[in-house]
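Below is one structure, written out as structure tokens; the observations come after it.
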Amino acid sequence: MAHDGSGRAGRTVIDHSRRRVLAASGLAVAGSVGLAGCLGDDPGDPFDDYGPQAAALESTAVSWDDLGDLEGELTIYSGRSRDQIDPLFEMIEDEYPDFTLSIDHDGNEDQLNSLREEGENSPADIFYTQSSGALAALKSDGLARELPEDIIGAVDDDKSDPDGRWTGASGRVRAIMYDTDEFDGEDLPDDIFAYAEDEQFRDIISTRPNSGTFRSFITAMIEMEGKDETRGWISDMVNQQNATLYSSGSQQAEEVAYGDQDIGLGNQYYAGRILNEDPDATLDVAFTSDDPGCLFNVSGVAILEASDRPNLAAEFTRHILAAEGQEFFVDVNGEYPVVDGVDYVGDLPTVDEINPPSFDLNALGDLEPASDLLREEGMTV
Amino acid sequence: MTSDDADAASVGLLLLSGAIAALVVSPLLWLVLRASDVEAARAASLMTSADTVEILTNSVGLMATVTIASILIGVPLAFLTVRTDLPYRRFWTIVAALPLVVPSYIGAFAFVSAFGPRGELSSLLGVGLPEVYGFYGAALIITLYTYPYVFLTTRAALLSMDSSLVDAARTLNSGRFEAFRRVTLPQIRPAIAAGALLVALYAISDFGTPAFMQVRVFTSAIYWEYGAFNVEYAALLSLQLIAVTAIVIAIEAGVGHDDDASAGGADGARLRLGAWKWPAMGAFAGIGFVTLVVPVAIFGLWFFQGTGGEVASLEFELEYVVNSVTLAALAALVASALAIPVGYMAARSDSLSARLFERMTYVGFAVPGIVIGLALVFFGSNYLPWVYRTVPLLVFAYVVRFLPQAVGSTRTSVLQVDERLDEAARTLNAGRVETFRRITLPLIAPGVIAGGVLVFLTTMKELPATLMLQPIGYDTLVTIIWAAHESVYYRYAALPALILIVISGLSMIVLLRQEKYNVS
């Protein structure tokens, strides 16, 4: 994982031993699924097949009516906030009376760290995260199970793992939040480097370096622009622009809406929520063009190697990627669908209008180079 | 009873106290395990980087500032409520103790909302207020919400101290200040030190406030590495943090050495404040306004102002209260029970190991909740799957973090029991256990309960370990506050936050009633 290639010997050894155990437990899955029924409180997997229970996913969205009925119980570790995801889970539970979800809510990074410590003993079947970086990291630790063929085929490679260990479920884009009293969105630069260099943003710009999507953004910048350029951007933000560093995304968005900050580099949906609560807030979002400043990231799903209900988990994942699931993200969260055939209807510009860079999201799994740069340049909170 | 039996009992008790200490520090083995994954050269460069030096300086600076400021606030307030004719003393005592029930991250948020550059107060007054962020802002907020540790311990010591000594000093023509410095201070010093230690360890392990106020300290660096999935580095930093706290714990052991603090109990003449009663009451009122009225007003504002979409899963349910109270009560019970042998041995034995075991229980209090949480995720899921993500393991996490609050208060109360009472009971042929049960336990019960209450109200506030180890789907007041705040649906945070403060406030009144003398 170390960027200088020296690696961390201890870690590598751990990974190998983990994989061995995982391989062994993989072989045992068939047996344990059968056994689970006798073990009392574990409801076991109601399905015998990892493949589709009825219709398979297609490259264009299929309906819940065509999919298999869900029954049994799944445990989900969610790194997404409740307001964004619980309504979808409730919708699915309402549709299938014999189906129950146990949801564990925690921060995205906390969930990944917990899953890593739990290894093959995790009680979770599914990891549902707001950032593909966490999914890529889960995959590189050997904790994510390969998804069924039809799921892999349904979502484009730039919104899922080409090796099929995780899939995006909805898309979100990095944005520039701005105070509409101070700036006109039309006049804002569409180049992320301008925000670190242009004097007019000095002392009034902020970012939130401790968020997963911010680290993804820096990782993408290193990939696309090189390490030196990225170091320059960070250093300019810290030293020249005197950027305010927040530890809370909501606090940052509020400072742009009501406080001392006029520009905030962050996730669009924080601004969306404030406007939802207070339509008069002087806040809007703008996007850069074809650079890491408008990185298209996905929230997504992985089925854990540790799951003893992988078939049910797979069928559940199909429901998220089916038309009703995808429409939910568009309607309720203002996010972008990852499957064709669902129209985007929100207030935001469509993905075509935004022009995000094309990028392999698996590169976001290794945050160490970004983390090192940020630490060295003092952009940490 | 022969002396051999007594020795055997002592050894047994010492072993028990050692076992408890070992149990509560055992999760920290995980830190060593993870930290050893970092290459030595890499570890050395990380630990000695300019960045780490800055973090160390900030952390130690923050801890020292908060501790000193807490003593400067806590000791005079305690003195005013015990030794003077301050009007409405019972009321002011409660006001001065209550800030401890407000989680400091909520305090920080409310404080910034109210006093921030364009906060509620500034828009009310129509003028900009000075910058509240940064080192001093963080130091101020942590102080305001932790000085009650010093206030409570000092107050208890003043109440139990023989004040006729002060009167004696005064008759010998010592001035008031002189009498305080030469007579009172030496007697209450161990109590101040005990409170100050809790303040110091809290200050260095607090994450929410420094992060919110944008100060880079150990905890924020630990969270940072943790968020970048560098748990190994987070572990390394945590070990460094523990090294710093070990020094602090050792310093306190030097300052706070215990003389026999047993009480004379004569209630000497109270100091007449005269016209000074106005500024004195003003000080209590000012602190109460900032630490209690402001956050409650801000929550009230959230509660009534909220508009926009409904979020069903954030809607308040009575279950959150039941869950929070159940967890906090269990943690308080277990911690009090474990604190009895540890605190008893620390007070009654001269042995180094008794003292060491007691000190060991303090380490968990200085370690951020995520560290304890993740350590128990590892041990629980891999070695104890039958308790993993169940209430008992979560309660254990609270005990690891908050045990010292119970130990400290139990130890102090044991010190106040005259050993001659034990001897008398034994000459009447009572066994060691019976003596303890019939003589010592009733006498130390107020201290044990007070410690339990402190554990109760800190458990009510605890967030990170709760989020990691809670039984899946088992929500508490703080997890809902966290979820609502995280998603900017503040109005859903208001009610749980107010309930949290009310319940903790009631438990604080229980604590004040445990004191030897009534507040009046």
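Label positions at A:Asp280 and A:Thr180, each projected 7 Å from the Cα along the C-beta direction, are separated by 1.3 nm.
Over chain A, what is the relative contact order in whole percent, taking alpha-carbon pairs under 8 Å and six or more residues apart?
Over chain A, the number comes to 27 percent.
About the centre of its Cα atoms, the protein assembly as shown shows a dipole size close to 7240 debye [charges on the beta carbon of Lys, Arg (+1) and Asp, Glu (-1) only; nearest 20 debye].
Pick out which of A:Gln241, A:Gln251, A:Gln268 has the largest mean-square fluctuation in a Gaussian network model of chain A, springs linking Cα atoms closer than 10 Å. Result for chain A, Cα springs under 10 Å: A:Gln251 fluctuates most. Farthest toward the positive end of the dipole of the stretch A:307-377, out of A:Ile354, A:Ala314, A:Val342, is the Cα of A:Ala314, where the dipole comes from beta carbon charges about the Cα centre. If you plug the beta carbon distance of A:Thr100 and B:Ala243 into 1/(1 + (r/R0)^6) with R0 = 45 Å, you get a FRET efficiency near 0.45. Under the simplified labelling scheme, the B:Thr171-A:Ser59 pair shows an inter-label distance of 10.2 nm, with each label point 7 Å from Cα along Cα→Cβ. Within the straight-line cut-off of under 20 Å between alpha carbons, the aspartates and glutamates reachable from B:Lys461 are A:Asp104, A:Asp106, A:Asp110, B:Asp206, B:Glu315, B:Glu317, B:Glu319, B:Asp475, B:Glu486, sequence neighbours fewer than 8 places apart in one chain being disregarded. Ordered by the number of other Cβ atoms lying within 10 Å of each residue's own Cβ, fewest first, B:Val293, B:Val215 fall into the sequence B:Val293, B:Val215.
For the stretch A:148-165, the Karplus equation 6.51 cos²θ - 1.76 cosθ + 1.60, evaluated at θ = phi - 60°, returns couplings of x, 3, 5, 5, 4, x, 7, 10, 4, 4, 7, 10, 7, 8, x, 8, x, 8 Hz by residue, with Gly and Pro reported as x. Assuming a ≥ b ≥ c are the square roots of the Cα gyration tensor eigenvalues, decide whether chain B counts as rounded (a/c under 1.5), prolate (otherwise, with a/b larger than b/c) or oblate. Oblate is the answer for chain B, as a/c is 1.5 or above yet b/c matches or exceeds a/b. Relative to the longest principal axis of the Cα atoms of chain A, helix A:212-225 runs at roughly 70 degrees.
Under 14 Å from a point placed 7 Å out from the Cα of B:Val510 along the Cα-to-Cβ direction: which residues of the stretch B:401-416 have their backbone N that close? No residue qualifies, since no backbone N sits under 14 Å from the label point. Would the protein assembly as shown count as rounded, prolate or oblate if I go by the C-alpha gyration tensor, calling it rounded below 1.5 in a/c and otherwise prolate when a/b exceeds b/c, oblate otherwise? Here the protein assembly as shown falls in the prolate category.
By the count of neighbouring beta-carbon atoms within 10 Å, fewest first, A:His319, A:His105 end up ordered A:His319, A:His105.
Note on chain B: dipole from Cβ charges, positive end direction compared against B:Thr81, B:Ser487, B:Gly208; the farthest Cα belongs to B:Thr81.
Taking amide H as placed 1.01 Å from N in the peptide plane, A:Arg145 has its amide H under 5 Å from the amide H of A:Ile303, A:Leu304, A:Glu305, each at least 5 places away in sequence or on another chain. Since only B:Gly227, B:Gly18, B:Ala280 are under comparison, the one whose Cα sits farthest along the positive direction of the charge dipole of the protein assembly as shown, derived from C-beta charges on Lys, Arg, Asp and Glu, is B:Ala280. Going by the alpha-carbon gyration tensor, a ≥ b ≥ c the square roots of its eigenvalues, is the stretch A:235-381 rounded (a/c under 1.5) or, if a/c is not under 1.5, prolate (a/b greater than b/c) versus oblate? Note, shape of the stretch A:235-381 comes out oblate.
In chain B, helical runs assigned H by DSSP with n ≥ 4 each contribute -39500 (n - 2.57); averaged across all residues and rounded to the nearest 500, the mean residue ellipticity at 222 nm is -23500 deg cm²/dmol. Shown is the FRET efficiency for B:Ala19 and A:Asn121, computed with R0 = 30 Å from the Cβ-Cβ distance and rounded to the nearest 0.05: 0.65. Note on B:Arg437/B:Thr326: beta-carbon distance plugged into 1/(1 + (r/R0)^6) with R0 of 22 Å gives a FRET efficiency of 0.20. Annotation: amide H-H contacts under 5 Å for A:Ser160 (H modelled 1.01 Å from N, sequence separation of 5 or more, or interchain): A:Gly168. Sorting A:Glu90, A:Glu335 by the number of Cβ atoms found within 10 Å of their own Cβ, with the fewest placed first, yields A:Glu90, A:Glu335. Peptide B:204-216 has a mean shielding of 2, counted as Cβ atoms of other protein chains within 10 Å of each residue's Cβ.
Between B:Ala9 and B:Arg182, the simple spin-label model (points 7 angstrom out along Cα→Cβ) gives 4.3 nm.
Here, each number is a calculation from the coordinates, and none is a lab measurement. Note that the coordinates shown come from a computational prediction; the quantities given were computed from them, not determined experimentally. Because the Cβ atoms are built from the backbone with ideal geometry, glycine has one as well, and the counts that use them run over all protein chains shown.
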